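**Student:** Pasting in a structure now, in structure tokens, and then I'll have a few things to ask.
The values are calculated or read from the model by the stated rules, or taken from the named source; none is laboratory data. Just so we're clear, the structure is a prediction, and the values are computed from it rather than from any experiment. Cβ coordinates were reconstructed from backbone atoms using ideal geometry, including for glycine residues, and neighbour counts include every protein chain displayed.
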Amino acid sequence: MKIVFVNVYFVRGSSGPGGNWVLIDAGLYGSANRIKKVAEAHFGKDARPSAILLTHGHFDHVGALKELALEWNVPIYANHLEIPYLTGLSSYPPPDPSVGGGAMAYMSFMYPKKPINVGGMVQPLPADGSVPGLPEWRWFHTPGHSPGHVSFFRERDRTMIVGDAVVTRKPESALAVLTDAPEVCGPPAYFTPDWPAAKKSVEEITALRPEVIATGHGVPMRGERMLDELDELAKYFEQMAVPTHGRYVNHPAIMNEQGVVSVPDAVSTPATKALTIAGLITVAGLAALAISRRKKNHKANAAEGPLDTHIYYGDEMNLSVYGEIPEVEDNELRRRNGPKQPRNNSKGNKGKDDFTGRNAPSNNYP
Ligand SMILES: [Zn+2]
């Protein structure tokens with residue numbers, strides 16, 4: 001089911017009368033009624049799932065989460081590294097507007113101003129890889145786009161729900177428009193704070209040889225051409241998916257079970273090509289700051305969009321907003337935390353292969 005620009009999935013756990021189902025991801029704010037209607041159309045009046053599973057907690061995947069979980073009275077499951085962003089403990093790393101701008105401004109009315117809090121309802125996915133409510137499925141940790149991003153895989157028919165680890169989009173070239181076929185591409189750049197992890201995740205998804213990939217954005221794809229495109233993306237990930245410059249290109253954000261630990265400096269002028277990644281600023285204490293800010297900000301954040309409008313974004317895909325707006329400005333973080341921490345003074349090294357792994361490559365994630 002597509003909600004403006006993001007997909008949610010309804011998955012049966014067992015067939016036959018009385019068979020359960022789960023909802024994977026929860027779309028945009030304001031879409032709860034529509035999700036319920038679609039659920040009832042498929043599973044009968046007053047149908048409710050046995051659980052809501054999350055690929056990750058970006059705002060466009062959790063918009064209707066709280067309302068649905070409360071109304072259905074069902075548990076929510078997410079990877080343990082995603083839980084800080086679902087319990088009000090931490091905001092996601094700030095988005096990187098230097099990797100694209102247009103759609104970001106266009107969609108900014110949808111930005112929530114604070115992390116959602118479904119504490120008490122959300123619990124970690126089982127550590128053994130099993131998926132609550134879906135006995136045939138396994139979950140795989142596919143971080144990069146977010147620290148606790150997961151994909152769900154059913155071996156029987158090799159169906160994989162990949163969230164935003166890869167997305168599909170309409171091609172942009174004139175020639176491709178004629179065929180109008182979607183294509184496999186990397187995670188939305190604007191909200192991906194760890195590119196080495198994102199690359200590794202694409203490699204792992206590719207290694208599973210899925211027959212179908214169902215993405216958070218764009219249409220699901222299947223078959224050999226999809227696999228070929230996945231192979232190509234995994235092989236040429238730096239060229240195809242990683243922006244040529246940007247805040248997180250050389251230094252990923254550092255995150256742990258408590259949320260964001262540190263993020264690299266924002267690039268000074270988004271438009272400039274000669275970017276300087278000036279090292280890390282420490283944002284320990286982000287949670288406390290975020291919480292104090294939240295207390296001051298009681299504004300409602302209604303973000304109901306035109307739910308029946310289908311937006312085809314072409315090259316906006318990689319520019320779109322997927323995640324949280326930063327609650328704490330960099331200057332404020334720097335002022336409060338900067339002096340306590342030594343600055344990394346390495347400058348100007350923009351080489352893709354300069355990544356040394358010192359700033360938490362993907363294997364920092366369990
Ligand atoms: Zn996302």
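**Student:** Can you confirm whether residue 207 is surrounded by fewer than 18 Cβ atoms within 10 Å (Cβ to Cβ), at pLDDT 95 or above and either within 16 Å of the ligand (Cβ to nearest atom) or within 25 Å of residue 24 (Cβ to Cβ) (or both)?
**Tutor:** Yes.
**Student:** May I pose another question? Exactly one condition in (1) at pLDDT 95 or above; (2) part of a helix (DSSP H, G or I) is false for residue 140; which is it?
**Tutor:** Result: residue 140 passes all but (2).
The rows are residues; the columns are (1) small (Gly, Ala, Ser); (2) in contact (Cβ under 8 Å) with a residue 24 or more places away in the chain; (3) in contact with a Phe, Trp or Tyr (Cβ under 7 Å, 6 or more places away or on another chain).
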{"site": "137", "(1), (2), (3)": "no, yes, yes"}
{"site": "166", "(1), (2), (3)": "no, yes, no"}
{"site": "201", "(1), (2), (3)": "yes, yes, no"}
{"site": "236", "(1), (2), (3)": "no, no, no"}
{"site": "241", "(1), (2), (3)": "yes, yes, no"}
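**Student:** Let me ask another. Please go through the stretch 43-61 and give me each residue that is in a loop (DSSP other than H, G, I, E, B) and within 14 Å of the ligand (Cβ to nearest atom), ordered by number.
**Tutor:** Answer for the stretch 43-61, where residues must be in a loop (DSSP other than H, G, I, E, B) and within 14 Å of the ligand (Cβ to nearest atom): 54, 55, 56, 57, 58.
**Student:** Shifting gears a bit: Which condition number in (1) at pLDDT below 95; (2) more than 16 Å from the ligand (Cβ to nearest atom) is the one that residue 192 fails?
**Tutor:** (2)
**Student:** So, one more: When the residues of the stretch 1-37 are narrowed to those that are more than 22 Å from residue 151 (Cα to Cα) and basic (Lys, Arg), which ends up surrounded by the most Cβ atoms within 10 Å (Cβ to Cβ)?
**Tutor:** Here the answer is 36.
**Student:** Which numbered condition trips up residue 277, out of (1) out of contact with any strand residue (DSSP E or B) (no Cβ under 8 Å at 6 or more places or on another chain); (2) under 13 Å from residue 98 (Cβ atoms); (3) at pLDDT below 50?
**Tutor:** Only one criterion in (1) out of contact with any strand residue (DSSP E or B) (no Cβ under 8 Å at 6 or more places or on another chain); (2) under 13 Å from residue 98 (Cβ atoms); (3) at pLDDT below 50 is unmet by residue 277, namely (1).
**Student:** Given the conditions (1) at pLDDT below 95; (2) more than 19 Å from residue 217 (Cβ to Cβ); (3) away from the ligand (no atom under 16 Å from the Cβ), which single one is not true for residue 116?
**Tutor:** (3) is the only condition that residue 116 fails.
**Student:** Can you find a residue that is at pLDDT below 90, buried (at least 24 other Cβ atoms within 10 Å of the Cβ), within 16 Å of the ligand (Cβ to nearest atom) and of a type in the set (Val, Ile, Thr) anywhere in the stretch 87-109?
**Tutor:** Yes, there is a match, as at least one residue in the stretch 87-109 is at pLDDT below 90, buried (at least 24 other Cβ atoms within 10 Å of the Cβ), within 16 Å of the ligand (Cβ to nearest atom) and of a type in the set (Val, Ile, Thr).
**Student:** So, residue 212, is that one modelled with pLDDT under 95, hydrophobic (A, V, I, L, M, F, W, C) and either away from the ligand (no atom under 16 Å from the Cβ) or over 19 Å from the mean Cα position of the chain (by Cα) (or both) or not?
**Tutor:** no
**Student:** Evaluate the stretch 62-74: report whether one residue or more is away from the ligand (no atom under 16 Å from the Cβ), polar (S, T, N, Q) and in a loop (DSSP other than H, G, I, E, B).
**Tutor:** Yes: one or more hits.
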